[in-house]
1. Would you check if residue 116 is charged (D, E, K, R), farther than 17 Å from residue 5 by Cα and surrounded by 14 or more Cβ atoms within 10 Å (Cβ to Cβ)?
2. Return a yes/no flag: does the stretch 120-130 have any residue that is free of Cβ contacts under 8 Å to residues at least 24 places away in the same chain and surrounded by 22 or more Cβ atoms within 10 Å (Cβ to Cβ).
3. Please go through (1) among the charged types (D, E, K, R); (2) at pLDDT 95 or above; (3) buried (at least 18 other Cβ atoms within 10 Å of the Cβ) for residue 109 and return the number of the only condition it doesn't satisfy.
4. Considering only the stretch 50-60, state which residues are surrounded by fewer than 16 Cβ atoms within 10 Å (Cβ to Cβ), assigned to a helix (DSSP H, G or I) and in contact with a helix residue (DSSP H, G or I) (Cβ under 7 Å, 6 or more places away or on another chain).
5. What residue, among those in the stretch 104-143 that are over 22 Å from residue 59 (Cβ atoms) and among the β-branched types (Val, Ile, Thr), is farthest from the chain's Cα centre (by Cα)?
6. What is the residue count in the stretch 90-106 for residues that are surrounded by 14 or more Cβ atoms within 10 Å (Cβ to Cβ) and part of a loop (DSSP other than H, G, I, E, B)?
7. For residue 122, are the conditions met, namely being within 20 Å of residue 24 (Cβ to Cβ) and at pLDDT 95 or above?
8. If you go through the stretch 61-89 one residue at a time, how many are buried (at least 21 other Cβ atoms within 10 Å of the Cβ) and within 13 Å of residue 135 (Cα to Cα)?
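The values are calculated or read from the model by the stated rules, or taken from the named source; none is laboratory data. Just so you know, these numbers come straight off a predicted model, no measurement behind them. Here the Cβ positions follow ideal geometry from the backbone for every residue, glycine too, while neighbour counts run over all protein chains shown.
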Amino acid sequence: MFHEVVDGRGAGPDVDADEPAAADLLAAFETMVSEAAAASVDGDRLVDEVGLSKTDANAVRDGDVAALSLADATAVLAAANPDRDADAMVAEVRDHLLMGMATAVLDVDAIAAKIDADLTGQEVQQALEGRTTMTLGQLAEILAVIERRKP
């Protein structure tokens, strides 16, 4: 799943804060979603069954998923692997982020200050709680900040 792509790169106190860990994570997310879509999910099925817009379905097939919501991305993964539930995957990611914040001793304002996405602390909190949409681009940035700060 998305939080499982972290391989230690970008984690730890010795890492330069300018390291493009968010870009690396986003690239891994793009690979995961586009490979799932290409291997197992017909283009029409992305629109009809998964519920993506035609624009998002084309973006997924092209490997451009930064603006795709976490919920839509997990729906694509669930369509490719019927043993996985999209809602459960979203909950897993949120749990991982919240546990990571606790381990890294980070609050939402600290995360908002460190990411490039134009989000306030309150908006980061709403995205983490699922009260607003979180894109894969935002997820990559938030996850990178958390991973860099973990002991």
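1. Values: charged (D, E, K, R): yes; farther than 17 Å from residue 5 by Cα: yes; surrounded by 14 or more Cβ atoms within 10 Å (Cβ to Cβ): no.
So residue 116 fails the test.
2. Narrowing the stretch 120-130 to residues free of Cβ contacts under 8 Å to residues at least 24 places away in the same chain: 120-127.
Next, only the ones that are surrounded by 22 or more Cβ atoms within 10 Å (Cβ to Cβ) stay: 124, 127.
Yes: one or more hits.
3. (3)
4. Of the stretch 50-60, the ones surrounded by fewer than 16 Cβ atoms within 10 Å (Cβ to Cβ) are 51, 53-55, 58.
In the following step, the residues that additionally are assigned to a helix (DSSP H, G or I) were identified as 54-55, 58.
Passing the criteria: only 54.
5. Going through the qualifying residues, I end up with 105.
6. Step one: list which residues in the stretch 90-106 are surrounded by 14 or more Cβ atoms within 10 Å (Cβ to Cβ), which gives 90, 92-94, 96-97, 100-101, 104, 106.
Checking which are part of a loop (DSSP other than H, G, I, E, B) leaves us with 106.
Of the residues in that region, 1 qualify.
7. On the way: within 20 Å of residue 24 (Cβ to Cβ): no; at pLDDT 95 or above: yes.
For residue 122, the condition - within 20 Å of residue 24 (Cβ to Cβ) and at pLDDT 95 or above - is not met.
8. 6
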